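Values quoted throughout were computed directly from the atomic coordinates according to the rules given, and no laboratory measurement underlies them. Keep in mind that what you see is a predicted model, and the values were worked out from it rather than measured. Cβ coordinates were reconstructed from backbone atoms using ideal geometry, including for glycine residues, and neighbour counts include every protein chain displayed.
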Amino acid sequence: MANNQNIAALLRESPQKTPLTPPVPVELWEPEQGEVRIRIEAAAQNPVDWKQADFNFAIPSFPFILGVDVAGVIDKVGAGVTKFKIGDRVLSMAPLGKANKFGAYQKFSCAKVDATIGIPESYSFDEAVTIPLAYWTAALGIFPSLQVPIPLSTSGLVSPTVTDQTFLVWGGSSSVGALAVQLAAIAGFKVIATASPRNFEYVKSLGADHVLDYHDADIVEQIKVLAPNLRYAYDAISENGSTESVLSTLSYSAPEVVTVLPFKGELPSGAKTHEVMAGCIYYPGHETKLTALLALWDVLMSQRKIKPNPVMLMPDGLGSIEEGFDLMRKGKVSGQKIVYHPWETKI
């Protein structure tokens, strides 16, 4: 097959919870104004991917190419692009549910320059691609939502902006939780995180001061002992009662919790929740957030202050996406990020 032949795994028009098509040839997309085309070396899977497939949301039309996290090499630049050139190694999170040219599960995709950064040589493509959606979800929750000052000076110096405060991350070994632990620690918080015991050392390596087993019957009491006036928390799970547990740990008079899914339960008096959606960076009116957090991400990556998720590399490129989706559906992915190499696809 020619090196410039694009192929993709498509979500076809059909009832919910149906498999993706085997990889098939698709259009070789042309980057428009402010876009680049990327030869995708690694695509990462996120929970939103299989949920889009199963529940058919954020899909403008069928057939559709899923996936948002891409790492690769710029193959072509669109009009007006000066930030990058052909051959640059880059990393991006695609806008969710916008167009097939942005989907991650193909050999070539387009990306918005304003949400793309270069990949430092210290990161492999596989390492780098585990980060985009997790970074944006964690950063939007901690900084704009909770109004924690961004730990980056105008001169580009990373330095703490918080002192003598504690931050709870529920689900510290999840992809988003791992980034929340790191960003909270970088901001200057003392971090308490929950995880399964098998992931304790991993979460500690991210910067958590204390890691506790969320299975413990007295987990709420353990957290209250460590942080008796806890104000801020990030619930990176946001289902199966996790948000209720998190709220129970907060003793501050006006506590705030970031969630990654809607919370429909009853809030304690004075408490506030913030649901965060990474895709909002592409919405009109969010340009200031995008610019500030992109600058922080770029600096943190260049100084390798962000540790990537451990990688679970799937075989046969795009041909194994359904297998990867099933692993997530069955809850068999923990402390790892599923990654695909589109160029290893057999068709």
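Things worth noting here:
- Extreme residue, positive dipole direction of the chain, given options 172, 203, 317 (C-beta unit charges): 317
- Top of 73, 181, 81 by mean-square fluctuation, Gaussian network on the chain, Cα under 10 Å: 81
- A full extension of the chain between residue 313 and residue 201 corresponds to an added length of 38.2 nm, given 0.36 nm per residue minus the alpha carbon distance.
- From its DSSP helices (H runs of at least four residues, each -39,500 (n - 2.57)), the chain gives a residue-normalised ellipticity at 222 nm of -7000 deg cm²/dmol.
- Largest mean-square fluctuation among 291, 154, 273, in a Gaussian network model of the chain whose springs join Cα atoms under 10 Å apart, belongs to 154.
- Dipole-positive endmost among 120, 251, 217 within the chain (Cβ charges, Cα centre): 120
- Total formal charge among the other residues, if their Cβ is under 14 angstrom from that of residue 87, Lys/Arg +1 and Asp/Glu -1: +2
- Neighbours of residue 173, meaning other residues whose beta-carbon lies under 15 angstrom from its beta-carbon, give a summed charge of +2 when Lys and Arg score +1 and Asp and Glu score -1.
- Per-residue Karplus couplings for the range 328-344, computed as 6.51 cos²θ - 1.76 cosθ + 1.60 with θ equal to phi - 60°, are listed in order as 6, 4, 8, x, 9, 10, 9, x, 9, 10, 6, 10, 10, 10, x, 7, 9 Hz, Gly and Pro entered as x.
- Dipole magnitude (debye, nearest 20) for the chain, charges at Cβ of Lys, Arg, Asp, Glu: 400
- Selection among 147, 233, 286 by position relative to the dipole of the chain gives 286 as farthest towards the positive end (Cβ unit charges, Cα centre).
- About its Cα centre, the dipole of the range 135-280 is roughly 340 debye, where the only charges are +1 on Lys and Arg Cβ and -1 on Asp and Glu Cβ.
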